[in-house]
Amino acid sequence: MEFIPVNEPLLNGNEKKYLCECIDTGWISSEGPFVKEFEKKMSAAAGRKYGISVSNGTAALEVAVQALGIGEGDQVIMPTFTIISCAMAVTKLGAVPVLVDSDIHSWNMNVDEIEEKITPKTKAIMIVHLYGLPVDVDKILELAKKYDLKVIEDAAEMHGQTYHGKPCGSFGDISTFSFYPNKHITTGEGGMIMTDDEELAERCRMLRNLCFRQDVRYVHDEISDNYRFTNLQAAVGLAQLERLDEFVERKRAMGKYYTEQLRHLKGLILPIERTEYADNIYWVYGIVLEERVEADNRTMQKLLAEEGIGSRTFFWCMHEQPVYQQAGLFSGERYAQAEYLARKGFYIPSGLALTMEQMDRVVAGVEKVMERISIR
């Protein structure tokens, strides 16, 4: 029985052609021409003036937070239900993540809980769009203006998504994307920082390149890492970007099909199709088990694997991360909705290369597994 992976990218456009051009010309490093072209076209697609490519999405967050001048003792408000990269970008600088619970319907941060978390030490709010639907951005922008806060928009999963018709990644002082293989646009690994501020963009370029001084090379006034992005990666990214509209349409069709085929099953909460400000782009097809289902997401992952179907659990909450508990962060904090999603949420195969035959196998596998699980 062929195992169906949770994600497989679609690489049947101009990827090979552009990669061969890199090899034929010898331009494979971060100095190659595809890098600037990809930065220009990707930032234009996201409605930004400047794009700064980096080695991965985590690097994009780290550079973005550092570029904004966030440091020791500063507070950054963010969701507890997210990937650790978001919190790590803050804690590595000696700053403190201040956590917010989730909205159980959209799976994003509950924006109504943000204002009560703001203190004199708060320097920024980090928006993290999750699983296919954007956060309600306007409410956050209003708070940022009211309290003079910076806004970091993590749009890692939002290639091609919009909020009230405006591209995700175009909001706040600075935004970030990831190009990991499970994203709508992939470069294998890779990320990008975007901003409309020329000075901020120039600082990001410096930070991604070991903080070389502009006037004298190999002299450094600050410490940073090597976060550079290669011409090979940019070549793949450019070919992927050429098909972004097609990819979004494909993902939405996949999401619709899964919902039609799975909605009859008891015990499953399927992703909502739209909110008042966006239609779901189904970055992945997530499912949440109802409370009455006597199983968690790890059990589902194990049972689906037995049927030859890959799956992945949702993110684990920041306040429950052992590394942060050992450091004395978030002591006694509880976030009921986020904890529920972290234990009951998972996603099924939904990569762009998934075939209709494979989707039908996934549906049959989910049906079979649910027959084996007790529902109170």
Of the listed residues (K49, K17, K36, K40), the one being open to solvent by 50 Å² or more (accessible area, probe 1.4 Å), over 14 Å from G237 (Cβ atoms) and of a type in the set (K, R) is K49
Given (1) under 23 Å from I185 (Cα atoms); (2) open to solvent by 10 Å² or more (accessible area, probe 1.4 Å); (3) small (G, A, S), index of the condition G286 fails: (2)
In the list L304, L341, which residue meets the criterion of being under 30 Å from L11 (Cβ atoms), open to solvent by less than 50 Å² (accessible area, probe 1.4 Å), at pLDDT 95 or above and assigned to a helix (DSSP H, G or I)? L304
Does the stretch 332-345 contain at least one residue that is more than 30 Å from V137 (Cβ to Cβ) and out of contact with any Leu (no Cβ under 6 Å at 6 or more places or on another chain)? yes
Looking at the stretch 225-240, I want the residues that are under 15 Å from S29 (Cα atoms) and in contact (Cβ under 8 Å) with a residue 60 or more places away in the chain and have a partner that is aromatic (F, W, Y) and open to solvent by less than 10 Å² (accessible area, probe 1.4 Å) with Cβ atoms under 7 Å, at least 6 apart or on another chain. Which pairs are those? A234/F38; G237/F38; G237/F179
The residue that is nearest to A155 (Cα to Cα), considering only those in the stretch 66-82 that are in contact with an Asp or Glu (Cβ under 9 Å, 6 or more places away or on another chain) and part of a loop (DSSP other than H, G, I, E, B), is T82
Residues of the stretch 106-123 being assigned to a strand (DSSP E or B) and either in contact (Cβ under 8 Å) with a residue 40 or more places away in the chain or open to solvent by 50 Å² or more (accessible area, probe 1.4 Å) (or both), in sequence order, are T122, K123
Going through the stretch 22-42 in order, the residues found to be assigned to a helix (DSSP H, G or I) and of a type in the set (F, W, Y) are F34, F38
If I ask for residues that are under 16 Å from the mean Cα position of the chain (by Cα) and either part of a helix (DSSP H, G or I) or among the hydrophobic types (A, V, I, L, M, F, W, C) (or both), which ones from the stretch 43-58 would you list? A46, V54, G57, T58
Which residues, taken from the stretch 257-277, are closer than 15 Å to D360 by Cα, within 24 Å of the chain's Cα centre (by Cα) and among the polar types (S, T, N, Q)? T259
Taking into account only those residues within the stretch 1-21 that are in a helix (DSSP H, G or I) and over 27 Å from the mean Cα position of the chain (by Cα), which is farthest from T230 (Cα to Cα)? K17
Within the stretch 251-264, is even one residue assigned to a loop (DSSP other than H, G, I, E, B) and of a type in the set (F, W, Y)? no
The stretch 67-86: number of residues that are touching a Gly at 6+ places or on another chain (Cβ under 7 Å) and either among the polar types (S, T, N, Q) or open to solvent by less than 30 Å² (accessible area, probe 1.4 Å) (or both): 2
Filter result (open to solvent by 10 Å² or more (accessible area, probe 1.4 Å) and among the small types (G, A, S)) within the stretch 329-338: S331, G332, A336
Regarding the stretch 86-96, can at least one residue be identified that is more than 22 Å from G191 (Cα to Cα), part of a strand (DSSP E or B) and without any contact (Cβ under 8 Å) to a residue 40 or more places away in the chain? no
Run down A64, A89 and say which single residue is touching a strand residue (DSSP E or B) at 6+ places or on another chain (Cβ under 7 Å) and buried (at least 19 other Cβ atoms within 10 Å of the Cβ). A64
Looking at E198, E157 in this structure, which one is under 28 Å from H105 (Cβ atoms), touching a residue at least 40 places away in the same chain (Cβ under 8 Å) and among the charged types (D, E, K, R)? E157
Going through the stretch 124-136 in order, the residues found to be assigned to a strand (DSSP E or B) and closer than 19 Å to H164 by Cα are I127, V128, L130, L133
Can you tell me which residue in the stretch 307-334 is farthest from T355 (Cα to Cα), limited to those that are in a strand (DSSP E or B) and not charged (D, E, K, R)? T313
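The values are calculated or read from the model by the stated rules, or taken from the named source; none is laboratory data. Just so it is clear, the structure is predicted and the values come from calculations on it, not from any experiment. All Cβ positions, even for glycine, are placed from backbone atoms using ideal geometry, and neighbour counts span all protein chains on display. Surface areas here come from the heavy atoms of the whole protein model, side chains and all, with no ligands, DNA or RNA. Shrake-Rupley method; radii C 1.70, N 1.55, O 1.52, S 1.80 Å.
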